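Input: a single structure, listed below in structure tokens.
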Amino acid sequence: MSRYTGPKCRQCRREGMKLFLKGSRCETVKCAIAKRAHPPGEHPWARKKRSEYGVQLREKQKAKRTFGIFERPFRRLFAEAARSKGNTGEKLIQILERRLDNALYLIGFAHSRAHARQLITHGHVAVNGRRTKSPGFRLRQGDEFGIHKDHVKKQVEVTVEGTKHRDVPSWLSQDAKDLKGKVLNLPKRDEASVDLQEQLIVEFCSK
């Protein structure tokens, strides 16, 4: 499975907002956005005003970088959302939110989505009692997921203690004692964990 190995803070600076790619560091004064809120590059302020295409591109890149998805998989997800009944943008947001790595991060079992992906690919996470190594596993209503390897549970318990300040979304439930989570219902647009203008993404990907 391919993954981005470059500087993560550079991605946040490019998008001009915190994408929380480095977990708890993003919530401290060490965050790159707090230190250098300008885009990366030698002459960040010399850039021209963004075109309509540029605005749409940045919104799509923001979604990809937040959820850790590359271009081709993202296009496949968009095509699936476009084929579904209902609003394409809302369907895309729902598909992204239902990813296993995202849900694991939202209930506080991982510092970041990248940390959640690592736990999953190493075989430490099970869905409905069956181990899965796919971070993009799409959860459904009623699915239960959690940590099933005993030697990892102590590490995750420390993580849960450090993420107590996070609010668990209403469409998920957290069982901190047994290190399990459950999908109560499918996420709605106003329950999205990321502030995205999905219409701009739809306009870009529809060209």
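The numbers here are math on the coordinates, done by the rules we state, and not lab data. These numbers were taken from a predicted model, which means no experiment stands behind them. Neighbour counts are summed over all protein chains in view; Cβ atoms, including those assigned to glycine, are modelled from backbone coordinates with ideal geometry.
Residues that are assigned to a helix (DSSP H, G or I), in contact (Cβ under 8 Å) with a residue 24 or more places away in the chain and either in contact with a strand residue (DSSP E or B) (Cβ under 7 Å, 6 or more places away or on another chain) or of a type in the set (F, W, Y) (or both) within segment 67-85 comprise F67, F78, listed in sequence order.
Which of the following residues is touching a Pro at 6+ places or on another chain (Cβ under 9 Å), surrounded by 20 or more Cβ atoms within 10 Å (Cβ to Cβ) and without any contact (Cβ under 8 Å) to a residue 40 or more places away in the chain: I120, I93, I147? Before the answer, list the steps.
Numbers: I93 fails: without any contact (Cβ under 8 Å) to a residue 40 or more places away in the chain; I147 fails: touching a Pro at 6+ places or on another chain (Cβ under 9 Å).
Within the list I120, I93, I147, the selection yields I120.
The number of residues in segment 150-172 that are touching a residue at least 40 places away in the same chain (Cβ under 8 Å), surrounded by fewer than 17 Cβ atoms within 10 Å (Cβ to Cβ) and not charged (D, E, K, R) comes to 2.
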